[in-house]
């Protein structure tokens, strides 16, 4: 009887793609991927360490599994990904129920490691030794979706923002060869995928270390030529490297969606300097102005951290003012938490938890108002939407995203899933557009 594996993912799109790779490799080895943890022989957590809350969610699951492991000693538990790389052997000491710990760069070792923990001798396996991933030209074919897929274009990060643990757990920046990426995208198109999202910690630095002249905009040009692919997205961009050439590609390449996720993190120049972001607010704002001049319909989203060490009320007000001035379509707002060995963990965490919560709530309220205004401005117009599936709020509605990445719901059935449809926008909430599919014969103007 084949062993059942339950794999739960925490964190970013890169972790989601890693989980697809892990699931694909395990299925190739004869394992069955279970939908729930109940009844699984092996439970794997693909983890995130970017914030303390992400780790707390994992440790909560591990604690719950301790009693189950006592009743079912043959159950095997593995911690994978960034949290595994960060804590290593300490996870075995704090959570004796854990059998395997494997870091992001050891991802391709996992199928060979699991048999070692399945024996009855109680062997523990630690695999965090690799500094970077082995080069693989072909990846397992498993994908969790059927029309939209993630494609890694690079791994790791060289930026060393003072608050960020990513370079320490995912290693230094390595770009994948252009040919390998294009071959993967072509294979996805051949299988009927219509949308790809290109992934990297800083996609704008793609190509460094490869053949001279290969840049991210040129990669976009190559992906844009792949027949069958109808939409191209990408994330994440670092403001210091987002340049006119990227905006030109967004304007000129018909498949590249008009959406840019550009993390600001803070509107205070003092805090940006302490964060080692290597730009000031005026630099950032000028790039937003240039993007909007070149791509007027672009949707812009961002990340914000509140409560960074030494953040005073004037620094927070500068961030709030920046959000109001720029007018993002959406924003992810997070409370600061120290992430050793990142540099800022050496700073005094002097902003109280209560103040962090207040500032977090304030910015979420500010963004909600801005998002509502942005969405209401789209009413009356028409938007191209890639149908993702049934709406979670109504079994009579379908949902998808516009080219500028705004969620949209509309009446329809599941036969529309995976199709590009034209939707006339009838209404808007702070988070969602509501509309109806454009009738045949209507004009195709954008709103």
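The values are calculated or read from the model by the stated rules, or taken from the named source; none is laboratory data. Please read these numbers as outputs of a predicted model, since none were measured by experiment. No Cβ is skipped: glycine too gets one built from the backbone with ideal geometry, and neighbour counts run over all protein chains shown.
Okay, residues lined up against (1) in the same structural domain as residue 206 (by TED's automatic domain parsing); (2) within 19 Å of the chain's Cα centre (by Cα); (3) assigned to a loop (DSSP other than H, G, I, E, B):
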| site | (1), (2), (3) |
| --- | --- |
| 123 | no, no, yes |
| 132 | no, no, yes |
| 135 | no, no, yes |
| 143 | no, yes, yes |
| 161 | yes, yes, yes |
| 164 | yes, yes, yes |
| 172 | yes, yes, yes |
| 185 | yes, yes, no |
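For the list (1) touching a strand residue (DSSP E or B) at 6+ places or on another chain (Cβ under 8 Å); (2) more than 27 Å from residue 82 (Cβ to Cβ); (3) surrounded by 15 or more Cβ atoms within 10 Å (Cβ to Cβ), I need the number of the one condition that residue 414 fails.
With respect to (1) touching a strand residue (DSSP E or B) at 6+ places or on another chain (Cβ under 8 Å); (2) more than 27 Å from residue 82 (Cβ to Cβ); (3) surrounded by 15 or more Cβ atoms within 10 Å (Cβ to Cβ), residue 414 is out only on (3).
Which ones in the stretch 245-268 are in contact (Cβ under 8 Å) with a residue 40 or more places away in the chain and either outside any helix (DSSP H, G or I) or under 30 Å from residue 343 (Cα atoms) (or both)?
Answer for the stretch 245-268, where residues must be in contact (Cβ under 8 Å) with a residue 40 or more places away in the chain and either outside any helix (DSSP H, G or I) or under 30 Å from residue 343 (Cα atoms) (or both): 257, 258, 259, 260, 261, 262, 263, 264, 265, 266, 267, 268.
Going residue by residue through the stretch 115-126, is there one that turns out to be surrounded by fewer than 22 Cβ atoms within 10 Å (Cβ to Cβ), touching a strand residue (DSSP E or B) at 6+ places or on another chain (Cβ under 9 Å) and under 20 Å from residue 165 (Cβ atoms)?
yes
Quick one: residue 161 ticks every box in (1) free of Cβ contacts under 8 Å to residues at least 60 places away in the same chain; (2) out of contact with any helix residue (DSSP H, G or I) (no Cβ under 7 Å at 6 or more places or on another chain) bar one, so which box is it?
Just one mismatch for residue 161, condition (1).
Out of all the residues in the stretch 393-432, which are more than 24 Å from residue 370 (Cβ to Cβ) and not in a strand (DSSP E or B)?
Matches in the stretch 393-432: 394, 395, 396, 412, 413, 414, 415, 416, 417, 418, 419.
What's the number of the condition residue 105 fails, among (1) part of a helix (DSSP H, G or I); (2) over 24 Å from residue 305 (Cβ atoms); (3) out of contact with any helix residue (DSSP H, G or I) (no Cβ under 8 Å at 6 or more places or on another chain)?
(3)
Hey, could you check the stretch 307-326 for residues that are closer than 24 Å to residue 259 by Cα and in contact with a helix residue (DSSP H, G or I) (Cβ under 8 Å, 6 or more places away or on another chain) and say which is surrounded by the most Cβ atoms within 10 Å (Cβ to Cβ)?
Our first condition is that a residue be closer than 24 Å to residue 259 by Cα; within the stretch 307-326, this holds for 319-326.
When the remaining residues are screened for being in contact with a helix residue (DSSP H, G or I) (Cβ under 8 Å, 6 or more places away or on another chain), the result is 319-320, 322-326.
Working: 319: 27, 320: 17, 322: 20, 323: 20, 324: 14, 325: 11, 326: 20.
Checking each candidate, the answer is 319.
What pairs come up if the first residue lies in the stretch 321-339 and is at positive phi, the second is buried (at least 18 other Cβ atoms within 10 Å of the Cβ), and their beta carbons are under 9 Å apart, counting only those six or more places apart or on different chains?
327/300; 327/370; 327/374
Report yes if residue 359 is outside any loop (DSSP other than H, G, I, E, B), in contact with a strand residue (DSSP E or B) (Cβ under 9 Å, 6 or more places away or on another chain), at pLDDT 95 or above and not assigned by TED's automatic domain parsing to the domain that holds residue 317, otherwise no. Talk me through it step by step, then tell me what you get.
On the way: outside any loop (DSSP other than H, G, I, E, B): yes; in contact with a strand residue (DSSP E or B) (Cβ under 9 Å, 6 or more places away or on another chain): yes; at pLDDT 95 or above: yes; not assigned by TED's automatic domain parsing to the domain that holds residue 317: no.
Here the answer is no, as residue 359 does not meet what is asked.
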